[in-house]
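Heads up: the structure comes next, in structure tokens.
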Amino acid sequence: MKRISKSLLGLLAVAFTASCADDKLGETNFDPTIYEGEKAYMTVQVTMPSAPGSRSHTDEDGGSNAGVEIGQDYENNVKRMYIVLARSTDNAFIAFGDMSDKMKQSANKQAYTGTSEITKTQLAQFYDDQDTPANKKEVNVFVFCNPTDHLIDIIRNAEYKNVTWYNELCKGDEIDKTWEPSDGGSFLMANYVIAKRQLPNTMNDWLLYSEANPFNLSGMNNAGSNSQVDNSVGGAVKVERAMARFDFKDASPKGRNTYPVVQDIAPDGTLGKYIVNVQLGKMALVNMNKAFHYLRRVSNDGLPTKQELCAPEKPWFTAPDGMGDPLEGNYVVDAWATEKSIGIKTNELKNHFDYPLFQEDGSIDNTKQDSWDTYLINDVLGNEADNDNSWNSNQQHGDYRIWRYVTENTIPGPVTNQVNGITTGIVFKGKMIATEDAVNSTDEMTQRLAKVLNYTADDLKEDSYKDPIIYMFGGNLYVSWPNVLKAVKAVAYNEETKTWSRSNPLYVAVYGEGGTGETGDDSAQDPTCANYKWNIWNQAGKPLDNKLKAFRQAATGAGITIYQSSHDEQGGWGYYCYYYYWNRHNDNGIDGQMAPMEFAVVRNNVYKLAVTNISRLGHPRISDNDPDNPTPEIPDERGDIYLTVSVDVLPWVVRINNIEF
């Protein structure tokens, strides 16, 4: 801290002597030479971040529509607490105090009262500063619970009138230090809103207060006297956790994280019994922000230019279906807001996010999951139960389990900035399992599919390139390419007229614009089509070279998805697929149309995640086999839905996200 100059100290001492001939303190003059090093004592009450099925959206008070998550006791623990006094006009730094050794917790564990000592020389700079507004009493009070060592250094090293201290970021290795549930709880918390409070009228009034009788920033002081200062209206300072929490439950129809996905389809398009289930086995966090502001801030466009510190988030609509009257909403400003508005290059994603979904070349490599934060779903479901009494009485919403804590990640406007490369998401890994109806089917191709999927067929080699390859088109599954050709003939060839229906979608996907190459079909073949490329690859002995690459490009380009076997340490050998989910924060209720702040993670929210439906098989393990392979620039909301996620978001806050694929 800067000290007052010696010349100023001398002038103050002369003024003090001249005004105190009767040995009484003057009203406005303070002598730092006498009181330098003495402490000014103040106390403040701090309330912990809690408050008294559906799509998640923000209500008009800045909270969630779904309810409130009380949180675990350890999530409300406070081990140390710092207070910062700042100018009310510009949040310029005035002084700080360490309350860590003088804290008392309320009986209901929802509040703490802390007492701090601040050197009077710090305060004297504020009282004697000619640039200080006429109303010297009003200050902004900031409270930091469980600050990291880095944040404490920022506070301790801030100089008087510093106006950048509150823009500091938590990033890098410091992030892991902001939550430590394994050690009895140590969650970084800071102001939910700006806490404006009144200080004593004059510097000399601080002599009325002591460690036994500290100045109260949350209550009445010296009621009825000339020195009365009433802070009871402001009351306790409200704080919020600096991170969010993800919870998860099994919402599958019959349990065991298993969902009916593929139905038998008759030649006339009639849907029959389910023949393939998908069992989710793993879930992985991707694109977690590498930095966040210690103090939340909002703006009308998500950029920091006109940001407002510690102001509430406001909704953009009034109803979950988006049909209410439009509102003047706002954005929570992200640590990388400027970079996101310009566009973060693919090869720089790793500089901004932990566990990036995409490789530096913009591809997704599902074979290298060690770059994601991956968990066994059964392990997640064995975690500690959430404390949901206030919103989920009698577990009416199901049995959610605490998964993990996540950093804030928001995206500035316009809404088109919400893309896969920068949005926090979850990857689910599922295994295809043939149903009993498929196993017992009288249809030869369905029986074959069942044996291959359940890995009981005789020709399986535990090799991704020697095991049968499964192809999907139009919701139908075919084991091996020759069976694809049989299917084309079944739907596109007329035995009576000996002619082909070359406009049939499956025919076009396989043969393109040319002939089939079969005996009796004199039409020239399309050298760019999938079948032509498959024949070249097959005749060469199916080498793992450019011939395979050419076939993959032709097949996926025609909308054919390719699934190959692989091994998983939990599920063994089999056929797996992947689902990508982008976390919803402020759901407008309109599928295919993004809204501001719809895809985000915001601090002090609990996101209750549950996969409620899977409508189709997911993305293949090998991205080159995928005709619908996401890229970093793909919008977060699209018309084609693989999976539905229920998300309830509570203030903690809870937001329920029901996930459907």
For region 226-335, which fully contained strands (runs of 3 or more DSSP E) count at least 1 residues that are under 26 Å from GLY185 (Cα atoms)?
237-241, 244-249, 271-286, 291-293, 297-299
Any chance you could count how many residues in region 539-561 are among the basic types (Lys, Arg) and buried (at least 17 other Cβ atoms within 10 Å of the Cβ)?
2
Here the residues within region 280-321 that are touching a Leu at 6+ places or on another chain (Cβ under 9 Å) and of a type in the set (Ser, Thr, Tyr) are TYR294, THR318
Of these, THR148, THR164, which one is among the β-branched types (Val, Ile, Thr) and surrounded by fewer than 17 Cβ atoms within 10 Å (Cβ to Cβ)?
THR164
With TYR465, TYR471 as the choices, which residue is more than 28 Å from the chain's Cα centre (by Cα), of a type in the set (Phe, Trp, Tyr), surrounded by fewer than 16 Cβ atoms within 10 Å (Cβ to Cβ) and more than 30 Å from SER299 (Cα to Cα)?
TYR465
Looking at region 523-548 only, could you name the residues that are under 18 Å from VAL484 (Cβ atoms), over 47 Å from the mean Cα position of the chain (by Cα) and of a type in the set (A, V, I, L, M, F, W, C)?
none
Only one of (1) in contact with a Pro (Cβ under 9 Å, 6 or more places away or on another chain); (2) at pLDDT below 95 does not apply to LEU650, and that is (1)
Considering only residues that are within 28 Å of GLU637 (Cα to Cα) and of a type in the set (S, T, N, Q), which ones fall in region 534-563?
GLN553, THR556, THR561
Which of the residues that make up region 256-310 are among the acidic types (Asp, Glu), surrounded by fewer than 16 Cβ atoms within 10 Å (Cβ to Cβ) and within 30 Å of VAL415 (Cβ to Cβ)?
GLU308
Answer yes or no as to whether SER227 is of a type outside the set (A, V, I, L, M), in contact with a helix residue (DSSP H, G or I) (Cβ under 7 Å, 6 or more places away or on another chain) and surrounded by fewer than 20 Cβ atoms within 10 Å (Cβ to Cβ).
yes
Note on GLU211: of the conditions (1) part of a loop (DSSP other than H, G, I, E, B); (2) closer than 27 Å to THR148 by Cβ; (3) not hydrophobic (A, V, I, L, M, F, W, C), unmet is (2)
Please go through region 182-203 and pick out each residue that is of a type outside the set (A, V, I, L, M, F, W, C), farther than 25 Å from TYR74 by Cβ and surrounded by 21 or more Cβ atoms within 10 Å (Cβ to Cβ).
ARG197, PRO200
Heads up, the strands (runs of 3 or more DSSP E) in region 370-479 (entirely inside) with at least 3 residues that are small (Gly, Ala, Ser) and modelled with pLDDT of 95 or more are 425-434
From the residues in region 61-102 that are at pLDDT 85 or above and aromatic (Phe, Trp, Tyr), which one is farthest from ALA190 (Cα to Cα)?
PHE93
The residue that is nearest to ASN289 (Cα to Cα), considering only those in region 583-617 that are charged (D, E, K, R) and surrounded by 24 or more Cβ atoms within 10 Å (Cβ to Cβ), is ARG603
Does region 80-98 contain at least one residue that is more than 20 Å from LEU295 (Cα to Cα) and touching a Ser or Thr at 6+ places or on another chain (Cβ under 7 Å)?
no
Take the residues of region 88-120 that are assigned to a loop (DSSP other than H, G, I, E, B) and among the hydroxyl-bearing types (Ser, Thr, Tyr): which is surrounded by the most Cβ atoms within 10 Å (Cβ to Cβ)?
SER88
Cβ pairs under 6 Å, 6+ apart or interchain, first in region 464-477 and closer than 18 Å to VAL510 by Cβ, second in a loop (DSSP other than H, G, I, E, B), ordered by first then second residue, are PRO468/SER480; ILE469/GLN564; TYR471/ILE560; PHE473/ILE560
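The values are calculated or read from the model by the stated rules, or taken from the named source; none is laboratory data. The structure presented is a predicted model; accordingly, all values stated were derived computationally and were not measured. So basically every Cβ, Gly included, is an ideal-geometry build from the backbone, and we count neighbours across all protein chains shown.
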